[in-house]
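The values are calculated or read from the model by the stated rules, or taken from the named source; none is laboratory data. These numbers were taken from a predicted model, which means no experiment stands behind them. Cβ coordinates were reconstructed from backbone atoms using ideal geometry, including for glycine residues, and neighbour counts include every protein chain displayed. Note: areas computed on protein heavy atoms with side chains; ligands, DNA, RNA excluded. Shrake-Rupley method; radii C 1.70, N 1.55, O 1.52, S 1.80 Å.
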Amino acid sequence: MKNLEYLPYAFFERKIVPTEEAKVSIMTNALQYGTGVIGGIRCYLAGDKKTMNIFRLVDHYKRFLNSLKILNVSIPFNHQKLVELTLALARKNKPQTDSYIRPFAYAANIGLSPDLSHAEMDLAIYMIPLGEYLPLSRGLKLAVSNWMRITDRMIPARAKISGGYINSAMARGDVARLGFDDALMMDDRGHITEASAANIFIVRDGVLITPSKYSDVLEGMTRRTIIELASDLKIKVEEREIDRSEIYVADEVFLSGTGVQVAWIDEVDGRKIGKGRIGPITHKLQKLFFDIVRGKEKKYSHWLTKV
Ligand code: PMP
């Protein structure tokens, strides 16, 4: 039997409905202008193969609401309600494998103008089974895109605005056609920002380095997790600008994100990174990350919400 591509129920127009019924009109404002905000949350099957846990659910919805605040729009659900709705949906869907939860707050009005002052925002949430988004068993091959990352004065990258993803889609689309796994994007001064849907980390001489929060990056939940884990492991962390050429000479490079999880990079722009295998710091952080999301690390169990 072919695997279901999505879980059976979605939250749509204020109620839980069969996912096939969660449909909008072609005239929907958000569909045409990208006037929406998305979230991306994962639930993981625990080590006991019975329990399903959502990773950093509460924190994800803080960012979701912050994204709406940046757009100066609101939805009729507060933080607590969003958490409750998501849990109710996940319980109804009863996922049997690792899954992805996609909340989407969108301008549901059919008005013919890109104008957020008239946006009538609604909320939809759906779930899909999701294993690896990009392979973890091999190192990824990246290319630096010549499309510039959107800046804070244009479309704030800190907010997960659906319209902003055309920037990611063009960058990744162009390098994917050339055979690369993903694109890295630079800011207006040539500093590396992030990949199409993931933050970047490099390791140089034992120091973990990632672009700062004011470098036109999404404030990634996995990024924040990695920084917290690194400091618990007494690994020095620097949040600062990274030049393109600094990536080439890094000992280790990896991407972090809800989709990619913690994925090591083998090659950037045709240059081999490090020793051509997963580096020791990446490996240590990746292992701890997976132990945490699978509920094997009691110390971090406060990041998990049981479905
Ligand atoms: N940057 C971008 C542009 C993204 O789309 C994502 C995925 N949400 C990330 C970074 C990683 O963020 P997170 O760890 O919260 O998934």
Practice prompt. Order the peptides 46-56, 263-273 from the highest to the lowest mean number of other Cβ atoms within 10 Å of their residues.
Written response: 263-273, 46-56
Discussion item. Once neighbouring chains are kept in place and the probe is 1.4 Å, which whole percent of the accessible area of the chain is contributed by carbon and sulfur?
Written reply: 53
Worksheet item: For the chain, with the dipole built from +1 on Lys and Arg beta-carbon atoms and -1 on Asp and Glu ones, taken about the Cα centre, which of 114, 285, 301 lies farthest toward the positive end?
Response: 301
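Regarding region 140-293, what is the average projected area of its C-alpha convex hull, in nm²?
That works out to 8.3 nm².
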Worksheet item: If you take the C-alpha gyration tensor of the chain, multiply each eigenvalue by 5 and take the square root, what semi-axes do you get, largest first, in whole Å?
Response: 31, 24, 17
Worksheet item: Rounded to a whole number, what is D in µm²/s for region 51-101 from Stokes-Einstein with the Kirkwood radius over alpha-carbon pairs (37 °C, 0.692 mPa s)?
Response: 272
Discussion item. Using only the Cα atoms of region 11-81, what are the Rg and Dmax in Å?
Written reply: 15.2, 46
Item to complete: Evaluate the distance, in nm, between pseudo-label points positioned 7 Å from the Cα of residue 287 and of residue 115 along their respective Cα→Cβ axes.
Response: 5.9
Worksheet item: How much accessible area per residue does the chain have, in Å², with a 1.4 Å probe?
Response: 48
Worksheet item: Which order, highest average first, do 233-242, 92-101, 35-44 follow once you tally other Cβ atoms within 10 Å for each residue and take the mean per peptide?
Response: 35-44, 92-101, 233-242
Worksheet item: Using +1 on the beta carbon of Lys and Arg, -1 on that of Asp and Glu, and nothing else charged, what's the dipole of region 122-174 about the Cα centre, debye to 20?
Response: 200
Response to the item:
Between residue 5 and residue 236, the two model label points (7 Å from Cα along the beta-carbon direction) sit apart by a distance in nm of 4.9
Item to complete: Starting from the Cα coordinates of region 9-129, work out the convex hull volume and express it per residue in Å³.
Response: 93
Worksheet entry | Point-charge dipole on Cβ atoms (K/R +1, D/E -1) for region 19-145, about Cα centre, debye to 20 | 520
Fill in: Dipole moment magnitude, nearest 20 debye, region 88-239 about Cα centre, only Lys, Arg, Asp, Glu C-beta charged
380
Discussion item. With only alpha-carbon atoms in the gyration tensor, what are the semi-axes of the equivalent ellipsoid for region 86-189, in Å, largest first?
Written reply: 28, 25, 10
Worksheet entry | Selected from 254, 77, 104 as most flexible by GNM, with the chain as the system and alpha-carbon contacts under 10 Å | 77
Fill in: R0 of 22 Å, Cβ-Cβ distance residue 62-residue 212: FRET efficiency to nearest 0.05
0.70
